[in-house]
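First comes the structure, then the notes that go with it.
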Amino acid sequence: MTALDDLAAIAFHDADSAQRARMLSRLADTELSVALVAEPEGDRIELRIFPLDGGPVALACDGEDRLAGFFGAPVAYAAMPGRVLAGLLRQEGVGLLVNPGHPSEMLLDAGMLDWLTGVLSAAPETAEARLRLTAPSPATIEALAEPLAARLADMRGLITGAALAGVRGEDGPKAHLLLIAGAEAGHQPAIAKALAEALAFLPPQPGGVDISFSDAAPPPAALRFELSPPEPSPAERAKAPPRLR
């Protein structure tokens, strides 16, 4: 079982929109092995494309062993994050078949990849305002608490705290605010983009959810996220995305 499989208690195409969005969000951050026509030549690759009734697709798995298992033998492949592969395929107008024969199997057509890359490229707007904060609405807590906790856990070491608060309206929260503490100024744009991206995959909330950086104590009624210290890991050399031939 893989991280994608863990989210696929219900098959992707049978899941509701919120669950599909969570799987797509995880797919974007998952390293995929995509089948190639031949071994890469430097930074150039040629994807193996399969003609299906719904249009041509590339084939990728979240592990080279799964890819080899599908073909019955080792095959040439390139490894890259799902977000990078989605961007490459969008340029070519090609869809993507992921993990065929496994719980997390999904078939994403070119239109779905176009939507996905649009979400991944969206940048949050910046603004300043004085807000009256209160407790988040129960419905928003139910919809966002678990997936936000998982995404914030990935940011341990970059932030020291996080809380979800409501923005007070006449009859309860009219919007919500995700408060982030302990982020260095140079990291804040990237953190804001990652969180805005995560929120884009979740059920929309009335009034939306904005992101704010503040080291001040959150309001007592806010929902606080517990962040444990990160485990040390060896540094990896950044890889440039491959170029299609």
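Any read-out appearing in this document is the output of simple, stated calculations on the displayed coordinates, not a laboratory observation. None of these values were measured; they are calculated from a predicted model. FYI the Cβ positions are ideal-geometry reconstructions off the backbone, even for glycines, and counts take in every protein chain you see.
Data overview
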quantity: Length-normalised contact order for the chain - Cα pairs under 8 Å, 6+ apart - percent; calculated: 19 percent
quantity: Within-13-Å neighbourhood charge of Ala11 [Cβ basis; K, R +1; D, E -1]; calculated: -3
quantity: Dipole moment magnitude, nearest 20 debye, the chain about Cα centre, only Lys, Arg, Asp, Glu C-beta charged; calculated: 500 debye
quantity: Packing rank of 35-45, 100-110, where each peptide gets the mean count of other beta carbons within 10 Å, highest leading; calculated: 100-110, 35-45
quantity: Potential lengthening between Gln19 and His187 on full extension [0.36 nm per residue; Cα-Cα distance subtracted]; calculated: 57.6 nm
quantity: Listed residues Ala68, Met106, Ser25: farthest to the positive end of the dipole of region 3-121 (Cβ charges); calculated: Ser25
quantity: Semi-axis lengths (Å, descending) of the ellipsoid that matches the C-alpha gyration tensor of region 3-121; calculated: 21, 17, 13
quantity: Karplus (6.51, -1.76, 1.60) ³J(HN,Hα), θ = phi - 60°, over region 102-116, in Hz, Gly and Pro reported as x; calculated: 10, x, 8, 4, 8, 10, 10, 7, 4, x, 5, 5, 5, 5, 4
quantity: Packing rank of 153-159, 18-24, 194-200, where each peptide gets the mean count of other beta carbons within 10 Å, highest leading; calculated: 194-200, 18-24, 153-159
